[in-house]
């Protein structure tokens, strides 16, 4: 049995139709699936077209001879904020269908619209939800009807069958990701450098923000044993030479004891390793930040979203601007860099609300600020407010709308994004601070990324 795992190639750095930054990051969910297959003695071929910048025809050539092919439309780093333009995924799937008889697709898009994605791709089946266990079970040649979380057509009358969703994956059952099958030197983060790998200690989030796509994460939060997580980090650093990483939990600092244990361990090891994480700004304190800094944490991602307390309540952020501002102040005081995320285009949001968002970004003064328009991902409360597309839509662009357009046009929201970027990054004080305190080696990459938003 020979299995191929494929990630398509998206435009880099920006998909202009949706203004999405398509990072060249380690596809952790594929590495998890590959490790499970290897553990069973199944031969695995990985083709990461995003990392190697491969056209669909070259991907199809490389997977030639595989008995089963699995193609993801969204790796773990895109489960929460998936692409809405899925043409690169559809293009590579069509090319592979020309040379492979058994093709399965997985990711966010097929999870929320399995019937439609099955039809768009003519795949053998669609894996809904977390993919790792289903990839293994299909590769074991189990009958599709016996595998949880799969959508396929019956051989008889062509009826579409949806098996019940799988139980949330036990993260402790995952072996160490199959780092050796991936081109690790190609993965990078402009801010931290390379080789760059994603790590995961938990899946899920207890908060109810209306805009986050969480259908891929299951119905409850799960956690790996700390020793398991640290073994993955150790292996990546000592065996594969990884220098930078992202602890890709949705809210890394929720379990304070876990973070302190990990930080003490990494500080003691004193690896040549820098890392970042994502967490809410109101879930940090001085002690935990100091421990993280000593352990090599160089950057924290955090969503502020808006400068309007009214909009903050509408999107069910469950936080106050005051608490978030205090958290950002503590992060900056600790010496850890901070990247804050802001969005425009929520329901009932006014131009004045958006201007308040730009102003709070400047007032908070993070190391980096990212401005985006809010996307009503199907499966979220935000999409329900918009009125989700009807089942049976024939056009992928209709299934995955780019913005909430009931109050503001796409052109207006794009102008607000550009205005936010200009007003934040072109301030003389910001430019002088970056030249004085920033890491000079990272500045060219950051400048290229900034300019790409204005093409």
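Laboratory data are not the source of any read-out in this text; all were calculated from the coordinates shown. Please read all numbers here as calculations on a predicted model, not as lab measurements. For neighbour counting, all protein chains shown are included, and Cβ atoms are generated from backbone atoms with ideal geometry for every residue, glycine included.
Numbers at a glance
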item: Counting DSSP beta bridges with both ends in the range 2-162, the antiparallel % (nearest 5); result: 30
item: Sites residue 194 and residue 322, calculated FRET efficiency, Cβ-Cβ separation with R0 35 Å, nearest 0.05; result: 0.40
item: Gain on full stretching of the segment that runs from residue 226 to residue 145 - 0.36 nm per residue minus C-alpha separation; result: 25.6 nm
item: FRET efficiency for residue 58 and residue 425, using Cβ-Cβ distance with R0 set to 45 Å, rounded to 0.05; result: 0.80
item: Estimated D of the range 188-452 in µm² per second, where Rh is the Kirkwood radius over Cα pairs and Stokes-Einstein applies at 37 °C, 0.692 mPa s; result: 166
item: Sites residue 2 and residue 381 - FRET efficiency at Förster radius 51 Å, r taken between beta-carbons, to 0.05; result: 0.75
item: Binned Cα-Cα distance frequencies in the chain - 20 Å width, integer %; result: 25, 59, 16, 0
item: DSSP-defined beta bridges in the chain - what % are antiparallel, rounded to 5; result: 20
item: On Cα atoms only, tilt of 28-39 relative to the major axis of the chain in degrees; result: 40
item: Relative contact order (percent, whole number), the range 188-452, Cα cutoff 8 Å, 6+ residue spacing; result: 17
item: Linear extension gain, residue 260 paired with residue 154, 0.36 nm per residue minus alpha-carbon span; result: 33.1 nm
item: C-alpha center-to-center spacing [the range 292-368, the range 47-114] in angstrom; result: 34
item: Residue 398 versus residue 101: modelled label distance in nm, points set 7 Å from Cα along the beta carbon direction; result: 3.6
item: Computed Kirkwood radius, in angstrom, where 1/r is averaged over Cα pairs of the range 58-154; result: 13.4
item: Distance (nanometres) between label positions extended 7 Å along Cα→Cβ at residue 333 and residue 240; result: 3.8
item: Packing-based exposure ordering (other Cβ within 10 Å, fewest first) of 416, 106, 312; result: 312, 416, 106
item: Sequence-separation-based contact order of the chain, relative, with Cα cut under 8 Å and 6+ spacing, percent; result: 13
item: Alpha carbon Rg of the range 257-311, scaled by the compact-globule rule 2.2 N^0.38 Å; result: 1.34
item: Calculated [θ] (222 nm, deg cm²/dmol) that DSSP helices of n ≥ 4 give over the chain, each run adding -39,500 (n - 2.57); result: -11000 deg cm²/dmol
